[in-house]
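Values in this text are rule-based calculations from the coordinates and carry no lab data. As the structure is a prediction and not an experimental result, all values here were calculated from the model. Note that we place each Cβ from the backbone using ideal geometry, even for glycine, and neighbour counts take in every protein chain shown.
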Amino acid sequence: MRRTGVWIVVLLVVGMIGLAVMEGYVKPQLDRQAKQYEMDQNDPLTHHIEPTLAYASPYMGDAGNLINLNASLPFRNIGRTFQLYPEVLTAEIRYQTAAGDTDPHKLKEILLYNATANFVMIDNLEKLKFVFEDETVFVADRELVESWYGEEGSLSVLRDAEVWEEQIRDRLRDADYVRNFAERVLHLEEFQAASGQ
């Protein structure tokens with residue numbers, strides 16, 4: 001009986017040490033890694049496109065897919081609503097923040113990244129509107145995005161994670177590249193309460 005009691009005490013001590021290690025070191029380490037991953041996924045310079053590739057679709061009409069696609073991209077931490085205009089193949093993302101609340105260069109990076117991702121992943125999306133609470137509206141057209149990256153139909157090659165990293169993410173480090181994209185591809189549009197077409 002004495003021997004059994006010793007084993008119980010030893011197992012209890014080992015269990016308490018294991019619990020202390022788990023709660024004091026392992027869990028906080030995992031929490032830090034999860035927070036860092038979330039921060040990385042919210043910045044176009046460190047975003048990993050692999051999870052987003054699952055949302056590739058030939059049709060923009062799948063609202064759930066479009067919502068999940070944009071929830072996997074930078075600005076994922078900003079509340080947003082969507083409006084689809086299938087008759088003109090247009091999607092509108094209404095962010096619950098003002099455009100002026102984000103650094104102008106960072107905003108251009110995010111819009112470049114997210115507009116490109118939406119056109120790469122949704123084959124028949126022709127126009128994308130980013131609407132902000134301060135009534136700023138940025139518009140991107142598939143035709144301009146395709147011409148920026150090459151010829152018509154060239155966006156499908158960007159569905160490869162390595163190509164994406166090289167052609168999109170890595171180029172964001174060049175401020176002139178981002179500025180030129182914003183000037184040539186994104187354009188401001190007058191705000192309308194029920195924007196749409």
* Here are some values of Cα extents along the principal axes in Å: (1) 82, 36, 32; (2) 57, 28, 28; (3) 53, 38, 38. Which one was computed from this structure? -> (1)
* Asked: At what distance in angstrom do the alpha carbon centres of region 64-91 and region 1-61 lie from each other?
  -> 30
* Asked: Which whole-Hz couplings ³J(HN,Hα) result when phi for each residue of region 135-149 is put into the Karplus expression 6.51 cos²θ - 1.76 cosθ + 1.60, θ = phi - 60°, listed in order with x for Gly and Pro?
  -> 6, 7, 10, 9, 10, 10, 10, 3, 4, 5, 5, 4, 5, 5, 8
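Please state the shape class of region 82-197: rounded when a/c is under 1.5, otherwise prolate if a/b exceeds b/c and oblate if not, all from the C-alpha gyration tensor.
Details: a/c = 1.99, a/b = 1.23, b/c = 1.62.
Oblate is the answer for region 82-197, as a/c is 1.5 or above yet b/c matches or exceeds a/b.
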* Structure fact -> Any residue on another chain or 5+ positions along whose placed amide H is under 5 Å from the amide H of ASP123 is listed here as SER57, TYR59
* For peptides 138-147, 52-61, 19-28, sequence by mean Cβ density within 10 Å, most packed first -> 138-147, 52-61, 19-28
* To do: With a/c under 1.5 counting as rounded, go ahead and sort region 1-41 into rounded, prolate or oblate using the C-alpha gyration tensor (a ≥ b ≥ c being the square roots of the eigenvalues; past the cut-off, prolate if a/b is larger than b/c, else oblate).
  => prolate
* With a point put 7 Å past each Cα toward its Cβ, work out how far TYR25 is from ILE67 in nm, to one decimal. => 4.3
* **Under Karplus coefficients 6.51, -1.76 and 1.60, residue-wise ³J(HN,Hα) of region 5-17 in Hz, glycine/proline x** => x, 5, 5, 4, 5, 4, 5, 5, 5, 4, x, 5, 5
* Using the Karplus curve 6.51 cos²θ - 1.76 cosθ + 1.60 with θ = phi - 60°, work out ³J(HN,Hα) for each residue of region 41-49 in order, rounded to whole Hz, and write x for Gly and Pro. => 6, 9, 10, x, 6, 10, 5, 9, 7
